[in-house]
Amino acid sequence: MMIHVLRAKNRVPLCVAFVALALTAASQSIYESVCGEARHISRTSLAVAAPREVWEATLKQRRSMWHEMLGLSPMPERGPLKATVTGVLDRGDYVVEKIHFQSLPGAYVIGNLYRPAKVTGRLPAVLYLCGHSKGKVNPPYQANPRWFGQHGYVALVLDPIQLGESQGFHHGTYSEKRWDWPSRGYTPLGTEVWNAMRALDYLETRPDVDAGRMGVTGLSGGGVVSWCLGAADERVKVVVPVCQSGSIEDVVIDRSTDGHCDCAFWINYYRWCWPDIGSLIAPRALLIASGTEDILWRPSGFRDVAHRIRGQYIALDATGHFDLVEDVAPHGYTPKLRKAIFTWFNRHLKGDPTPVEDDVTEFVEPEENLLVFGGKLPADDLTRTIDTVLVQHGAQPEVTTAAEWQAHQRDALERLRASTFRNIPADHAPRGRNVRQDGSTKNGEFFITREFASCDGLNLRVKIMRRAGAPQPVPTVAYAIQPAAKSTFSGGGSSRPAIAAPLTTAGVEVRNTGFTSVGPGYLWTLRRTYPLLGQTLPERQVCDLLAGIALLRRDTPTGPVALYGQGHTAVLAVYAALLDPEVSEVILAGLPESHTDPNTPEFLGVLRVGDLPHNLALLWPRPITFIGTVPPAYAYTRQVYEKLGTADRFRVIDSAKAWRPL
């Protein structure tokens with residue numbers, strides 16, 4: 001069933017969902033595993049339409065979930081718009097107003113408003129959203145709102161961020177390695193939706209707009225924002241996305257993420273697909289307009305999505321409020337698509353079903369005439385840094401008593417499990433596949449390799465080094481293999497810490513290490529693909545590490561298991577320990593100080609709960625050991641341990657060899 005509120009409660013664990021696949025194949029590639037996850041998401045999305053009573057009962061919660069995935073939960077404060085018209089163009093039968101307003105204090109949204117030259121009474125309004133070109137001055141993005149302005153509508157066309165006169169940035173992970181964006185829970189799609197919501201606020205203030213008759217449409221990037229705005233804001237009565245409709249399955253299999261910047265997708269905590277968005281728009285008027293030759297959004301995707309959404313409209317007795325129009329054409333408008341769009345708006349905002357025959361005109365307004373700021377942009381525009389302020393982040397609370405900290409600890413861990421790590425199975429135990437003895441050395445070191453299946457069918461390994469004559473069970477230090485490790489030969493190779501005898505070490509070849517390494521040809525795609533599945537590559541590595549630890553406990557005579565990590569893998573160790581309360585201790589070297597650093601491993605929305613020093617402190621009262629120096633940011637973590645009377649459990653040692661279990 002598409003209702004994710006229900007599906008979340010009754011969902012089969014991911015490890016079960018793919019166990020059959022894991023059993024029938026010797027191993028999968030990472031590409032095959034993500035394709036399997038994507039198929040699962042898309043093929044269960046709105047597979048069965050919800051009965052009206054279920055749809056209505058879950059509507060509020062689903063919309064709240066959607067706001068969260070856009071980075072708009074809690075919703076930003078609606079400050080003064082400070083709407084300003086900087087000029088007016090009189091073109092005879094229509095007028096163009098050059099306007100800007102502020103979606104947040106100091107964050108400018110820029111657009112042109114087209115309206116009839118003579119207005120009597122309140123008119124229906126259309127918000128037009130541009131794709132990634134020149135913004136509002138681009139000829140197609142002039143022509144469409146101009147048609148509306150000439151035919152009895154008020155039409156507001158906005159510049160997308162980073163384009164036209166709008167500042168800001170939407171190519172974060174695409175070209176600038178802004179891997180802090182997933183950790184922030186930020187996507188520029190959230191900014192675009194927020195700007196569009198504030199544009200609706202502005203339209204509601206105008207005496208020439210009927211606030212009960214507002215719609216949205218847009219091409220390409222403007223198409224996806226049209227989808228998302230319609231699902232986020234019920235004030236929109238008509239939604240028409242153009243050439244930006246498809247499925248998670250198609251996007252992942254085709255690797256078409258490579259052709260999209262960050263504003264094409266949401267932070268998919270709840271593993272939604274386009275039909276789930278459509279179910280939030282229903283039963284309002286929704287028309288999908290697509291080209292069959294669009295290289296980014298293929299018919300196999302948008303036709304299946306349309307079929308699933310149509311079923312929900314039927315269940316809500318709103319069959320006349322949904323349709324799909326397509327043309328044999330590449331990415332972009334055609335006369336057939338435009339006329340169908342104009343007819344759809346007339347039908348649902350004016351009550352006129354007469355087919356539209358007149359298309360857009362070929363007139364092109366010179367670009368300089370449409371500029372709102374006349375070539376001089378505001379130097380203090382907050383949109384430049386909106387990625388750091390739009391999403392509310394968790395704070396580091398003052399520590400008072402153990403009882404208060406424990407209450408905060410429970411709440412924070414619950415929030416992490418419900419969002420950032422919601423797609424890690426509660427049962428970490430994997431299916432073991434093979435075990436072999438790898439020989440020994442004259443120093444009495446014995447090596448063992450254990451193979452196991454990850455929850456999504458990858459064949460992974462644990463490289464164990466045991467000491468001859470060590471008492472059984474013996475404390476074990478587990479760790480994730482480093483991404484850049486050339487070899488895991490002899491019990492973990494260079495990734496293995498120099499833990500002194502008689503302790504055992506166990507290196508888990510998490511994905512993208514060892515023989516599952518994907519290399520630069522797919523790594524960028526993979527890191528941008530995982531968030532579409534409600535995951536990240538480091539989060540999947542944490543999942544693999546947890547499975548390796550569970551295998552050790554189940555199949556190996558082991559004592560307490562501590563986790564070691566250095567640099568990248570130190571972050572994995574922190575979160576694996578938070579998710580596994582049986583981990584006895586963490587040993588950390590070179591732990592990064594903040595998820596706001598793009599070089600720190602990314603975890604979806606983790607900063608909404610807290611940054612690394614705060615999240616490490618959630619391990620209290622379990623021991624924490626730093627090797628070498630303690631980075632300055634972790635003075636907070638040390639302070640928590642000191643204030644709660646456990647200063648001796650926060651340790652600093654010179655080397656891994658000096659470590660002993662507390």
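Key figures
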read-out	value
Label-point separation in nm, residue 426 to residue 82, each point 7 Å along Cα→Cβ	4.9
Calculated from backbone phi, Karplus (6.51, -1.76, 1.60) coupling profile of segment 631-641 in Hz, x at Gly/Pro	x, x, 4, 8, 4, 5, 4, 4, 4, 4, 5
Order of 72, 390 - criterion: other Cβ atoms within 10 Å of each residue's Cβ, fewest first	72, 390
Cross-link partners of residue 237 among lysines (Cα-Cα below 26 Å; sequence separation of 8 or more within a chain)	60, 82, 98, 118, 136, 336, 339, 350
Neighbour net charge for residue 186 - beta-carbon separation under 15 angstrom, K R +1, D E -1	-3
Positive dipole terminus of segment 356-403, leading residue within 397, 386, 363 (C-beta point charges)	397
Ranked list, fewest to most other Cβ atoms within 10 Å of each Cβ, for 572, 532	532, 572
Calculated [θ] (222 nm, deg cm²/dmol) that DSSP helices of n ≥ 4 give over the chain, each run adding -39,500 (n - 2.57)	-10000 deg cm²/dmol
Förster-model FRET efficiency, 22 Å R0, residue 515 and residue 470, C-beta, rounded to 0.05	0.15
23 Å tail of the calculated P(r), segment 403-658, as % of Cα pairs	49
Length gained when the stretch residue 29-residue 524 is fully extended (0.36 nm per residue, less Cα-Cα span)	176.6 nm
Segment 481-601, dipole about Cα centre (Lys/Arg Cβ +1, Asp/Glu Cβ -1), debye to the nearest 20	360
Distant-in-sequence amide H partners of residue 209 (H built 1.01 Å from N, under 5 Å)	123
Distance from segment 196-219 to segment 27-79 (C-alpha centre basis), Å	26
Cβ-defined net charge surrounding residue 636, 14 Å radius [Lys, Arg +1; Asp, Glu -1]	-2
Contact order relative to length of the chain, as percent, for alpha carbon pairs under 8 angstrom and 6 or more apart	15
For segment 251-390, the spread of Cα positions along each principal axis, largest first, Å	51, 43, 29
Student exercise, segment 84-388 dipole from Lys, Arg, Asp, Glu Cβ charges, in Debye to nearest 20	460
Computed label-point distance, nm, for sites residue 357 and residue 318 using a 7 Å Cα→Cβ extension	3.3
Value in Å of the Kirkwood radius, where segment 150-205 supplies the Cα pairs that are averaged	13.1
The chain - charge dipole about Cα centre, Lys and Arg +1 at Cβ, Asp and Glu -1, debye rounded to 20	1720
Added length on full extension, which subtracts the Cα-Cα distance from 0.36 nm per residue, residue 500 to residue 654	54.1 nm
Under Karplus coefficients 6.51, -1.76 and 1.60, residue-wise ³J(HN,Hα) of segment 121-133 in Hz, glycine/proline x	x, 8, 10, x, 10, 10, 8, 9, 10, 8, x, 9, 9
Virtual spin-label span in nm between residue 258 and residue 208, 7 Å along Cα→Cβ	4.7
In order through segment 519-534: 3J(HN,Hα) via Karplus (6.51 cos²θ - 1.76 cosθ + 1.60), integer Hz, x for Gly, Pro	x, x, x, 10, 4, 4, 4, 4, 5, 8, 7, 3, x, 5, 9, x
Charge sum, other residues only, whose C-beta stays under 15 Å from residue 522's C-beta, Lys/Arg counted +1 and Asp/Glu -1	+2
Gyration tensor verdict on the chain (Cα atoms; rounded if a/c is under 1.5, prolate if a/b is larger than b/c, oblate otherwise)	prolate
Candidate lysines for bridging to residue 463, where Cα separation is under 22 Å - those fewer than 8 sequence places away on the same chain excluded	442, 486, 657
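Each value in this text was obtained by applying a stated rule to the coordinates, not by laboratory testing. These figures come from a predicted structure and were not determined experimentally. Glycine also receives a Cβ, built like all others from the backbone with ideal geometry; neighbour counts cover every protein chain displayed.
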